[in-house]
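Have a look at the structure below, then the notes.
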Amino acid sequence: MRLSFIRPISCCAVSSPTTLVKPQTPLFLRPPTFKTTLTDLKKWHLWAKSLASSVGSAFLNLDNGPDSNQLLRELNWLIEDAIGTPKSILEQPHKSRNGNSTVLIRTCLDELYVLWKQRVEERRPFQYVVGCEHWRDLVLSVQEGVLIPRPETELIVDLVDEAIKENEELRDGLWGDLGTGSGALAIGIARILGSKGRVIATDLSPVATAVASYNVQRYDLEEKVHVKQGSWFEPLRDNEGEFVGLVSNPPYIPSKDIGGLQAEVGRHEPRLALDGGASGMNDLIHLCDGAVSMLKPGGFFAFETNGDEQSKFLVHYIETKKQGSFSKVKMVSDFAGIQRFITGFRGR
Amino acid sequence: MTVNSLKNHPHLAGEICVTLNWQEIKELKSVISECEDDKDMQQMASEVLSEATEGEKKFQVLLLKSLLPKDDADERDCILEVRAGTGGEEASLFAMDIFKMYEKYSVKKGWKYEVLEVAESDLKGYKEAIASISGTSVYRKLKFESGIHRVQRVPVTEKAGRVHTSAVSVAILPQADQLDVKLRNEDLRIDTYRSGGSGGQHANTTNSAVRITHMPSGITVSIQDQRSQHMNKAKALKILCAKLYEIERLSNQSSRSKLRLKQIGSGDRSERIRTYNFPQGRVTDHRVGITTHSIDDVLQGDDLDAFIDALLLREEMDAIALFSST
Ligand SMILES: C[S@@+](CC[C@H](N)C(=O)[O-])C[C@H]1O[C@@H](n2cnc3c(N)ncnc32)[C@H](O)[C@@H]1O
């Protein structure tokens, strides 16, 4: 297991997968090299506000999309990310600033018009518009082709944290994050591991592995997190039986439900990240099967599911079909009270 | 005798030093009375005497201070809560001014000022705002800011130019962590914004508001300003812990220190402690009876120390008085 980290080529964040994907820099990290005037910026702001207000609760009623209030809050964040000069200048019109004073922004004003139009009219997710998602205490780069990490998923890191606190041996072992997407779980977990703890993060999507590598690099975790491209356990063959922990948030939406998804999700997020086959559980079942041989005795797993029905099914599946392989298998609910996760340990 | 070594053995060191000083003073006095003829000598002796007496006094105060009961929260960081009271929009605008006053003051002190939550009013004032302030002796310096701050000025909304009186309440709570208040996960209920759908991969939302309910006490804290649910939750927990700690502290505090707080007037959140009068450009603190005429400097955080130092001195004096009367 250690060997794979010592191999010189495995400088993960740089070694790009076969297809070259260049990760985009989130808006807030770009240099504020564009100039506009306060007057023009305010004109844009007014226009953007009225566009947001015109939505009312139409999207909410249509498909659980954002309402005006939500969009207005996002607009504030867009400004926060786009403006180099402190944002307060927009709020203090009278104070010693005339309309011609220059404001530095991180993209040109025309682009700000385009971005906000895309947000409202095309329902492009806000996180793709600004190129990042705030998740736990991290700010992760995201772009089209990579799933935007969900707030529910934050809890998996807490579950791992609890497991580690109960058994400190897990802190310095090898962890796996399967279908890592933006790298959210891998990075969140790497930051609670000990000096010897490592994470291998895999994904089939080249965009995902590129973005995950970029995020790993941004958090200075190249030594700890190794990103590999490939399908589920395939890139981990060398490490069979070595993992002290496995986590995954695999695609779990039943195929038939994909068409009815909220526009932000259905129209813009990658299907590869969402579609879990007819029952939605193709990948989850594959993961439960594979975990048996990948985990060390006493190793921990946590998987996210579509909710009560899938979690119950999987617990039953493990108890009957994987009899004796796992212990302490249970469901854990998210903050909305939905049985969102299944967790357990490889039997000793 | 240095103050440092005094800290190590306040009682012992104090006694020796006082005795020495006393002897010195006694000798000097006898020199003065014996050297009636030697004017120079007398002059010199009385100079030294006044120095020694002065030093003696200072020393007594230091000694007393070191013996005074300390508020164990003094060194903690704090949570600042500013809430608009009577006076509608004008109160909200003033709440914003006050909130920013503490921000500027904190920056000047080299403290970290972190906004946790702001509920804006229609005119972009603050209906309620919460911040976390951390640094050296934050709670000690700010604890007497709790109470009602009253403003008298012509509101921007007022056409006739009449002066209105409105009020803002300020609460300063020492910060505490989950261990301080023995918070158990089982006692917490955490609610998040529910889109009503299946959540998870189905939903894209930027609303990560969190409400935490502490079931035994019924206290709830909601935070929605942060961009991640985790951060909203962390901030809500921080505020909840401060609230629980304050409750615990108030019920445990000895009657003596309660009395002290009451005397200075911060035992009661509903007490009017300060008036900011714009037409006259003055700020008056009703507890120490101090008025400054540089209202702008106060609101810029520059002159706040005039009040804070006076209040701290008053606290000390009250404590000394109480101490020596027992
Ligand atoms: C729901 S997303 C989760 C992403 C990330 N872990 C998170 O929680 O934000 C599922 C991820 O699984 C990846 N995936 C889908 N099929 C896969 C496969 N056969 N092998 C590896 N990863 C796969 C997708 O590309 C996507 O990044």
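Bear in mind that the values in this text are calculations on the coordinates, not laboratory data. Since this is a predicted model, take the numbers as computed values, not measurements. For neighbour counting, all protein chains shown are included, and Cβ atoms are generated from backbone atoms with ideal geometry for every residue, glycine included.
Values as computed for the structure displayed
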quantity: Principal-axis tilt of helix A:68-82 within chain A, Cα atoms, nearest 10 degrees; calculated: 90
quantity: DSSP beta bridge pairing in the protein assembly as shown, given as percent antiparallel to the nearest 5; calculated: 70
quantity: Among B:151-161, A:161-171, the order from most to least packed when residues are scored by Cβ within 10 Å on average; calculated: A:161-171, B:151-161
quantity: Residues A:ALA58 and A:ASP257, FRET efficiency given R0 of 25 Å [Cβ-Cβ distance, rounded to 0.05]; calculated: 0.70
quantity: Neighbourhood net charge (14 Å Cβ-Cβ; Lys/Arg +1, Asp/Glu -1) for B:GLY289; calculated: +4
quantity: Virtual spin-label span in nm between B:ASP305 and B:ASP187, 7 Å along Cα→Cβ; calculated: 4.0
quantity: Proxy reagent accessibility, fewest Cβ within 10 Å first, across A:PHE300, A:PHE326; calculated: A:PHE326, A:PHE300
quantity: Peptide ranges B:311-321, B:228-238, A:279-289 listed from the most packed, as the mean C-beta count within 10 angstrom indicates; calculated: B:228-238, A:279-289, B:311-321
quantity: Net charge over other residues, Cβ less than 14 angstrom from the Cβ of B:ILE212 (K, R count +1; D, E count -1); calculated: +3
quantity: Tilt relative to chain A, helix A:308-321 - C-alpha long axis, 0 to 90 degrees, to 10; calculated: 20
quantity: Net length gained if the chain between A:ASP238 and A:SER101 were fully extended (0.36 nm per residue, minus Cα distance); calculated: 43.3 nm
quantity: For A:327-335, mean number of other protein chain Cβ atoms within 10 Å; calculated: 2
quantity: Whole-number percent relative contact order across the range B:38-183, with pairs defined as alpha carbons under 8 Å at least 6 apart; calculated: 29
quantity: Degrees separating the helix A:282-294 axis from the principal Cα axis of chain A, which is the longest one; calculated: 50
quantity: Surrounding net charge for B:TYR276, when Lys and Arg each add one and Asp and Glu each subtract one, Cβ distance under 10 Å; calculated: +3
quantity: Potential extension, A:LYS328-A:SER195 segment - 0.36 nm per residue separation minus Cα distance; calculated: 45.1 nm
quantity: Total lysine pairs under 20 Å (Cα atoms) in the range A:27-130, excluding pairs fewer than 8 apart on one chain; calculated: 11
quantity: Set of aspartates and glutamates with alpha-carbon distance to B:LYS29 below 19 Å, sequence-local pairs under 8 removed; calculated: B:ASP37, B:ASP38, B:ASP40, B:GLU47, B:GLU51, B:GLU54, B:GLU56
quantity: Value of relative contact order over chain A, rounded to a whole percent, pairs C-alpha under 8 Å and six or more apart; calculated: 16
quantity: Trypsin sites (Lys or Arg not before Pro) restricted to the range B:35-144 and DSSP loop, no more than 14 other C-beta within 10 Å; calculated: B:LYS70, B:LYS124
quantity: 14 Å cut-off, amide nitrogen to a point 7 angstrom out along A:LEU29 Cα→Cβ, residues in the range A:98-138; calculated: A:130-135, A:138
quantity: Average beta carbon contacts from partner chains per residue of B:212-221, 10 Å cutoff; calculated: 0
quantity: Average beta-carbon neighbours from other chains, 10 Å sphere, peptide A:254-266; calculated: 2
quantity: Cα gyration tensor shape of the range A:214-308, rounded if a/c is under 1.5, else prolate or oblate by comparing a/b with b/c; calculated: oblate
quantity: Taking A:TRP77, A:TRP116, A:TRP47 and counting other C-beta atoms within 10 Å, the order from fewest to most; calculated: A:TRP47, A:TRP77, A:TRP116
quantity: Contact order normalised by residue count of the range A:146-346, Cα under 8 Å, 6+ apart, percent; calculated: 19
quantity: FRET efficiency, 1/(1 + (r/R0)^6) with R0 25 Å, evaluated for B:VAL156 and B:ASP297 via beta carbons; calculated: 0.70
quantity: Segments A:215-225, B:216-226 sorted - mean Cβ within 10 Å per residue, highest first; calculated: A:215-225, B:216-226
